[in-house]
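Notes for the one structure printed next.
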Amino acid sequence: MKLYLLLPSLVLLTSCSTVYYGAMEKVGFHKRDIMVSRVEKARTSEQKAKEVFKDALEEFSSVTGFKGGDLEQKYNKVNKAYLSAEQQAADVKARHDDVESVSKALFREWKKEIKLYESTELKAESNKQLAAAQARYKILIAAMRRAEKSLDPVLRKFRDHTLFLKHNLNSKAIASLQSQVQTTRVEVSRLIKEMEVAIAEADSFIQQTKQP
């Protein structure tokens with residue numbers, strides 16, 4: 001898409017965000033409060049992603065041990081698990097985007113307001129606090145984005161398994177999935193570890209930010 005076509009949307013998005021932050025400040029919720037709230041929501045989404053992806057893996061694993069019964073019903077469960085994982089991955093990404101959006105707005109405002117200080121001592125202290133906050137945020141968002149990137153490889157494998165089952169509902173085809181599912185299990189384990197790191201960083205960030 002051409003850049004000039006994107007510009008109106010970007011301007012509108014920025015304008016909407018500015019109006020939203022302004023309205024929230026009027027009722028006592030500043031960007032720092034919104035930032036903490038969004039980090040908490042992102043952490044909740046990451047925790048849910050761990051469970052959703054583990055459950056989806058178990059659905060795929062159960063298919064490889066299928067001994068008989070309604071294969072169509074089994075496929076429907078697998079497909080539902082894949083769609084749930086896909087939806088949760090999208091939620092995780094959206095929550096991370098929300099954190100990044102308000103953080104940029106907060107730091108931009110902070111830098112601008114530092115210039116208003118007359119006291120050099122207070123100005124220096126505020127600059128020091130800003131640098132510390134940015135450093136904490138940099139660690140947090142890096143962990144979040146790493147965890148986010150670990151979602152796509154697993155989703156691609158889930159999609160492959162689901163499509164294969166859709167067009168090959170027979171015991172021979174199911175048996176051929178066993179090695180594939182084992183590989184996917186390794187990917188899910190990596191995903192869970194990345195999510196746990198992101199969750200731990202979110203906990204640390206929230207605790208430090210809330211400190212008086």
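The figures follow:
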item: Cross-link pairs K77/K157; K77/K193; K80/K149 - those with Cα-Cα distance over 20 Å; result: K77/K193; K80/K149
item: The chain: most fluctuating residue of Y137, Y117, Y75 per GNM, C-alpha cutoff 10 Å; result: Y117
item: Theoretical gain in end-to-end length, A173 to N76 [0.36 nm per residue, Cα-Cα removed]; result: 33.3 nm
item: Gain on full stretching of the segment that runs from F164 to S61 - 0.36 nm per residue minus C-alpha separation; result: 35.7 nm
item: Relative contact order computed over the chain (Cα-Cα under 8 Å; 6+ residues apart), in percent; result: 32 percent
item: Straight-distance crosslink candidates among aspartates and glutamates, where the alpha carbon sits under 13 Å from K50 and sequence neighbours closer than 8 are dropped; result: E58, E86, D91, E148, E187, E194, E196
item: Among A124, A200, A175: highest mean-square fluctuation, GNM of the chain, C-alpha pairs under 10 Å; result: A124
item: P(r) weight above 29 Å for the chain, C-alpha pairs, percent; result: 43 percent
item: Dipole of the range 36-210, positive direction: furthest Cα of Q87, V154, S179, with charges on the beta-carbon; result: S179
item: Estimated dipole of the chain in Debye, rounded to 20 [Cβ of Lys and Arg +1, of Asp and Glu -1, Cα centre]; result: 380 debye
item: Peptides ranked, highest mean first, by Cβ atoms within 10 Å: ranges 125-132, 81-88; result: 81-88, 125-132
item: Residue with peak Gaussian network fluctuation, the chain [Cα springs, cutoff 10 Å], from A105, A198, A49; result: A105
item: Using alpha-carbon coordinates, inclination of helix 120-149 to the longest axis of the chain, degrees; result: 10 degrees
item: Semi-axis lengths, Å, the range 77-152, gyration tensor of Cα atoms, sqrt of 5 times eigenvalues; result: 39, 11, 6
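None of the figures in this text is laboratory data; all of them are computed from the coordinates on show. Nothing here was measured: the structure is a model prediction, and the numbers come from that model. Counting neighbours? That spans all protein chains shown, and the Cβs are built from the backbone with ideal geometry, glycine included.
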